[in-house]
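Written below as structure tokens is the structure these notes are about.
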Amino acid sequence: MPAPESLVGQTIGSFRITKVLGRGGMGTVYLGEHSVIGSRVAIKVLMERLASDESLVARFYAEARAVNLIGHDNIVSVFDMNVVPPNRYYLVMEYLEGKPLNELLTAPVPSATSVPILMQVCDALQAAHTAGIVHRDLKPENIFLLRRGKQENFVKVLDFGLAKLRETERADQNTAAGLIVGTPEFMSPEQANSAPVDGRSDIYGLGCIAWLMATARLPFPQRGLTDLLVAHRTQMPKAPHEVNPACPRGLSDAIMKAMAKDPVDRFQSAAEFGQALEDLLSSSATRGVPAPTRPVGAPPAPPPTGAEAGGGAGAGPVQPRFVAKFSAEVATLDGRSLGNLTCTDISKGGMFLASDGALPPLFSKLKITLEGGAGVLLGEVLRHVTAEQARAWGLSAGFGLKFVDLTPALSELVTRLIQGLPVSEPPRGASSTAGDPEIEGVLAEFRQRINGDHYVLLGASADADTAAVRTRAKEALEAMEHLRQRPMSPSQRLQLDAAAARLSAAGNVLGNPLLRAEFDANRGNFRGVMRCLQAGLTVLDLERLRESHLAANPSAHGSAHVKLLASKGYEARNQLREALDAVESALNLDPLNLVYHQRRLQLIKRLREGVPA
């Protein structure tokens, strides 16, 4: 993937571009210096490849309009908007020297620090909502902290690029129904439902951020996008004080109210949320009463369970998941066909189906018939991803649905799909009884693995070293070649040739560190990536692969960084096992990150040396 064009050294308007400050889903932010008086500004430039889309250009400029309508001290100021012909659209904003909130999340944030920050965000949101504007993409990266005089952690709320006027949203049915915008980790249930939103949606997002600040964990750490949106709709996390006993009960209660699933049960305005936080400041909870501590000799708080971490009910670390992709016939309950669609993500809770056509209505029920008649799944449509969103998110356009009425047999079928295993026995006619029985035995074993990924096909573990994988592939191909010398039926010869081709392809990918690293990154298999580094994958190649991987998975970096911060917090408290679990969770999301790999190895070394946790 080519690197984004840099404007460093060029002049835009009266400002010379001196360096890149950051990159986002729609554009790049640069530091600009006035050519005469030397004042500094931040200049956000829309990606050139998006400039031909009028709706995205309108959304880009909506940020300036929204900010100017609000005019609040806790919201970043936009000074100008313009275009360098033919299509370099840009905004000129105040330059902020400080840090985003996510850099504060190395450990649970004390309430004496977190409450004033949250109160300022509430003030900013109240001003926005009063102006009829909903932010819709609150996340730690969009809350910037700087020093203002003697005040530490003065808040500036950033990135109103997804903001929407409420009256416009009511008039725009394409937005009010079926459009999801925002960051999935902090998305309100109504956003996950593609339903119209109001200011209470921002209150939910701020509640999720407050939960993260209080615990140094995400409230819903599910890995898959479908699982995450289902969790926002249907699950409540533990109260923050149950995860972190140092969190005051009053703050914990306020956070849980902000995160209520039904907007009616939340604070009805940002001002109301802010007042509840202000009341806490005058109570003993944030005025110096010692936080609860663990009794001497008591064990440390346990790490997240598999369920809390978004995995299954079983113990042990979350294992990398093979992202199965397959086709299925999709139809409405009355028999109207939507065509043969590709599933690009599946979990125990639901699946995502790519579609370039008209999307089925939200909450409608569909039948998904798997190839070969292996089974029929019933699902309810939860969300739409339009072509516009697909470009911004790096996803396929289509729709997500949750499974309903799963029988035990269908649950087992879904499990096999998730693991990349065959979902049904091969057709009776797939073999020939007239052929060689030994060859038939080999082919029968191969058919059991043919629908799996390369590891399943070779019968190799996901963290096998590269030399062992090459040996395994070589032995399998030699066995196939030995069988080819024997008399066999025409059907068996065709199947044996196909099996040899599949095994050769698997061996070529897993035996090549560069190809295997790309394959393992898409699979979330950081242990396989480490094997590639041990086999000679260069740091330069690793960074090139990572750039491409993050471009295709734009939310991975931010989510992984939050888990890294949690890991640092655990290490600071000498909870090394928990720190290792957290950094491995980060690697599941960002498996090509060399810094994360180095940190993991350091933690493993400390644990092996018996450093007390």
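Read-outs: derived from the displayed coordinates by stated rules, not from any lab. Bear in mind the structure is a predicted one, so any value in this text is a computation, not a measurement. Neighbour counts are summed over all protein chains in view; Cβ atoms, including those assigned to glycine, are modelled from backbone coordinates with ideal geometry.
Apply the Karplus parameterisation 6.51 cos²θ - 1.76 cosθ + 1.60, with θ equal to phi minus 60°, to every residue of the range 514-531 and state each ³J(HN,Hα) to the nearest whole Hz, in sequence, with x for glycine and proline.
5, 5, 5, 4, 5, 4, 5, 4, 5, 8, x, 9, 5, 5, x, 4, 4, 4
In nm, to one decimal, how far is the E475 label point from the D73 one, both placed 7 Å along Cα→Cβ?
7.2
Given 0.36 nm per residue, what is the gain on full extension from N87 to V404 after removing their alpha carbon distance, in nm? Don't jump to the answer; show the numbers that get you there.
Working: separation 317, 0.36 × 317 = 114.12 nm, distance 4.71 nm.
Using 0.36 nm per residue and subtracting the Cα-Cα distance, I get 109.4 nm.
Give the residue from A62, P110, T130 lying farthest towards the positive end of the charge dipole for the range 42-136; charges sit on Cβ (+1 for Lys and Arg, -1 for Asp and Glu) and the dipole is referred to the Cα centre.
Among A62, P110, T130, the one farthest towards the positive end of the dipole of the range 42-136 is A62.
Karplus couplings for the range 397-406 from phi (6.51 cos²θ - 1.76 cosθ + 1.60, θ = phi - 60°), rounded to Hz, Gly and Pro as x?
With the stated coefficients, the range 397-406 comes to 5, x, 8, x, 9, 9, 6, 10, 6, 6 Hz.
Non-local amide H neighbours of G350 (under 5 Å, H modeled in plane, Pro and chain starts lacking H): which ones?
Result for G350 returns F403.
How much length, in nm to one decimal, is gained on full extension between D497 and L378, taken as 0.36 nm per residue of separation minus their Cα-Cα distance? Intermediate results must be reported in sequence, preceding the final value.
Working: separation 119, 0.36 × 119 = 42.84 nm, distance 3.71 nm.
Gain on stretching D497 to L378: 39.1 nm.
Need the list of aspartates and glutamates near K139 for cross-linking: C-alpha distance under 13 angstrom, and skip anything on the same chain fewer than eight residues off.
Excluding near neighbours in sequence, the set is E103, D159, E185, D202.
Let me spell out the model: positive unit charges on the Cβ of Lys and Arg, negative unit charges on the Cβ of Asp and Glu, origin at the Cα centre of the range 69-157. What dipole size does that give, in debye rounded to 20?
On the way: 8 positive and 9 negative charges, 10 e Å.
Here the size comes out at about 40 debye.
Pairs K238/K402; K44/K563; K99/K568; K99/K150; K156/K257: which exceed 19 Å Cα-Cα? Write out the running numbers ahead of the final one.
Numbers: K238/K402 23 Å; K44/K563 28 Å; K99/K568 17 Å; K99/K150 17 Å; K156/K257 24 Å.
Pairs exceeding the cut-off: K238/K402; K44/K563; K156/K257.
For the range 19-126, what are Rg and Dmax over the alpha carbons, in angstrom?
16.1, 50
With just the Cα atoms of the range 452-545, tell me how far they stretch along each of the three principal axes, in Å, largest first.
Taking the Cα atoms of the range 452-545, the three principal extents are 49, 20, 20 Å.
Give me the net charge of A124's neighbourhood, meaning all other residues with Cβ under 9 Å from the Cβ of A124; Lys, Arg count +1, Asp, Glu -1.
Working: positive: K156; negative: D73, D123.
Counting the neighbours of A124, the net charge comes to -1.
Scan around L21 for amide H atoms under 5 Å from its own, H built in the peptide plane at 1.01 Å from N, and keep only partners 5 or more places away or cross-chain.
Placed amide hydrogens put V29, Y30, L31 under 5 Å from L21.
For the range 501-512, take each phi angle, set θ = phi - 60°, evaluate the Karplus expression 6.51 cos²θ - 1.76 cosθ + 1.60, and give the result in whole Hz per residue in order, putting x for glycine and proline.
5, 5, 5, 5, 4, 5, x, 5, 6, 6, x, 10
Contour minus end-to-end for Y95 and E329, with contour as 0.36 nm per residue of separation and end-to-end as the Cα-Cα distance? Before the final figure, lay out each step's value.
Values: separation 234, 0.36 × 234 = 84.24 nm, distance 5.22 nm.
Full extension from Y95 to E329 adds 79.0 nm.
Looking at the square roots a ≥ b ≥ c of the eigenvalues of the Cα gyration tensor of the range 559-613, which shape do they give, rounded for a/c under 1.5, prolate if a/b is larger than b/c, or oblate? Can you show the working numbers first?
Values: a/c = 2.61, a/b = 1.51, b/c = 1.73.
Verdict is oblate for the range 559-613.
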